[in-house]
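Here, each number is a calculation from the coordinates, and none is a lab measurement. All of these numbers come straight from a predicted model, not from anything done at the bench. Note that each Cβ is placed from the backbone with ideal geometry, even for glycine, and that neighbours are counted across all protein chains shown.
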Amino acid sequence: MSVKTWKSDEVTIEIDYDKCNGSAMCVDQCPGEVYELQDGKAVAAYIDQCIQCCTCVEVCPQAAITHSACE
Ligand code: SF4
Ligand code: SF4
């Protein structure tokens, strides 16, 4: 299990890299432009821009994203 974690003052985002297949759905659909792909995996590079809408959790086809505001 390889899970990477990002934290801002308000939220925590975890992505399970055993599940992420680089679909980029989170990159394309996040209204805050929080995500980008690095080496074929999503990273929450701009987590400070998160507006806690939970779209990323809903659109990820692999259920790879865990978001502290969306549980
Ligand atoms: S909760 Fe919304 S704004 Fe925050 S990372 Fe997910 S899609 Fe982007
Ligand atoms: S939507 Fe899910 S599977 Fe696709 S890049 Fe983002 S975290 Fe990975």
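Tabulated data for the structure shown
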quantity	calculated
Residues (under 14 Å from Lys4 (Cβ atoms) and not aliphatic (A, V, I, L, M)) located in the stretch 23-55	Cys26, Tyr35, Glu36, Gln38, Asp39, Gly40, Lys41
Of residues in the stretch 1-27 being within 12 Å of Ala69 (Cβ to Cβ) and surrounded by 13 or more Cβ atoms within 10 Å (Cβ to Cβ), the one farthest from ligand 2 (Cβ to nearest atom)	Ser8
Leading residue by the ranking (nearest to ligand 2 (Cβ to nearest atom)) among those in the stretch 28-42 that are of a type in the set (A, V, I, L, M, F, W, C) and either out of contact with any strand residue (DSSP E or B) (no Cβ under 6 Å at 6 or more places or on another chain) or assigned to a loop (DSSP other than H, G, I, E, B) (or both)	Leu37
Answer residue from the stretch 43-71, given it is in contact with a Lys or Arg (Cβ under 8 Å, 6 or more places away or on another chain) and not in a loop (DSSP other than H, G, I, E, B) and is nearest to ligand 1 (Cβ to nearest atom) among those	Ile47
